[in-house]
Amino acid sequence: MSAAAAVFILAVVLIVLALVYFLVSTILELRKIVAGLDRTIEHVGGIVEKSAPVNDVVNTINEHLDAGVAALEGLLVKKAGLRDAVGLVDGLYPGAAADGLREFPESTSVTAPRIGEVYTRGTLTLARLGREAPIAAASPRGPAIRDALYGSAASRKLYPAGREQGAAALPASPVIGADSPEQYERRDDIGQPRKRFPAKQS
Amino acid sequence: MTGLWIGAAIVGLVVLPIVVVLLKGVLDAAKSIVPAVDSIAATAEAGSKDLDAAALLLTTQEQVKQTIAGVAAYGGSLDVILDDADPA
């Protein structure tokens with residue numbers, strides 16, 4: 001064998017060795033990748049499984065909350081009127097009048113009264129009664145009906161003795177309803193035909 | 001004989017380095033993917049663990065139902081005891 005042939009064969013052998021080394025190393029790295037992807041798929045499956053009912057549950061919650069908002073807005077408008085209702089909401093959340101009430105689109109065009117400054121009849125009534133009204137003024141510019149800091153005298157007139165004597169010993173209010181701890185037997189004759197007594201023989 | 005020398009030189013000095021460089025590139029790329037996949041797996045595991053609390057949404061749903069039922073009951077009572085607003 002000539003020297004040239006030996007060198008040629010040596011070069012080919014080196015190429016084969018390089019192929020074996022790098023390909024085996026690549027295979028090992030690919031196996032690590034496969035293992036990592038298996039773990040990823042397992043956890044992603046968990047995410048999909050756990051998040052599957054979330055949409056329905058959140059939609060149900062939103063439906064209930066929407067129903068509650070609609071009921072409360074309806075009650076507020078029914079009792080206070082649309083204009084005062086918008087004013088009340090705006091008094092609690094300044095700027096909310098611009099958004100209006102959800103169930104009453106026409107509320108966006110209502111000029112909200114400044115109920116936070118001009119007090120309602122109910123608030124004034126409470127103030128005149130001397131209760132713990134939070135705001136006790138007839139108008140923003142007028143004097144206070146009662147002194148907000150020392151106004152407890154008015155309420156003390158209602159209960160001069162303070163707490164009722166022996167109030168702690170009084171029995172608690174009864175719990176009523178189907179789930180009450182005290183259940184009474186229902187009479188059997190309720191709803192039944194009235195008893196007929198035999199006619200007197202004269 | 002000269003041709004054999006030339007062939008051996010080409011294989012040893014040209015083909016072998018090219019093969020080594022290409023295979024090393026493939027190996028480096030595969031090695032660089034492994035930490036990324038591990039990171040994705042760890043993130044997915046953390047995300048899956050975060051969603052463990054999603055089951056509590058069922059409790060929230062029930063609480064919302066009860067709350068709205070209570071609001072409806074109170075609203076019905078208020079509707080009875082409070083006068084309606086004067087019609088404009």
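Bear in mind these aren't lab numbers, they're just calculated from the coordinates by the rules spelled out. Please read all numbers here as calculations on a predicted model, not as lab measurements. When we count neighbours, we look across all protein chains shown, and the Cβ atoms used for this are built from the backbone with ideal geometry, even at glycine.
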Fill in the blank from the handout: The condition of being within 30 Å of residue B:56 (Cα to Cα) and exposed (fewer than 15 other Cβ atoms within 10 Å of the Cβ) holds, among A:9, A:41, only for A:41
Exercise for the section: Could you check, for the stretch A:62-70, whether at least one of its residues is closer than 30 Å to residue B:45 by Cα, facing chain B (nearest Cβ under 10 Å) and part of a helix (DSSP H, G or I)? Expected result: yes
Practice task
Kindly indicate whether any position in the stretch B:75-82 is of a type in the set (Ser, Thr, Tyr) and closer than 30 Å to residue A:110 by Cα.
Solution key: yes
Practice task
Identify the single condition in (1) facing chain B (nearest Cβ under 7 Å); (2) not in a helix (DSSP H, G or I) that residue A:94 does not satisfy, given that it satisfies every other one.
Solution key: (1)
Practice task
Could you please find all residues in the stretch B:47-74 being within 27 Å of residue A:45 (Cβ to Cβ) and surrounded by fewer than 12 Cβ atoms within 10 Å (Cβ to Cβ)?
Solution key: B:50, B:52, B:53, B:56, B:59
Fill in the blank from the handout: Per the list (1) within 7 Å of chain A (Cβ to nearest Cβ); (2) surrounded by fewer than 16 Cβ atoms within 10 Å (Cβ to Cβ); (3) β-branched (Val, Ile, Thr), residue check on residue B:11 breaks on (2)
Completion exercise
Residues of the stretch B:27-46 being exposed (fewer than 14 other Cβ atoms within 10 Å of the Cβ) and within 23 Å of residue A:54 (Cα to Cα), in sequence order, are B:43, B:46
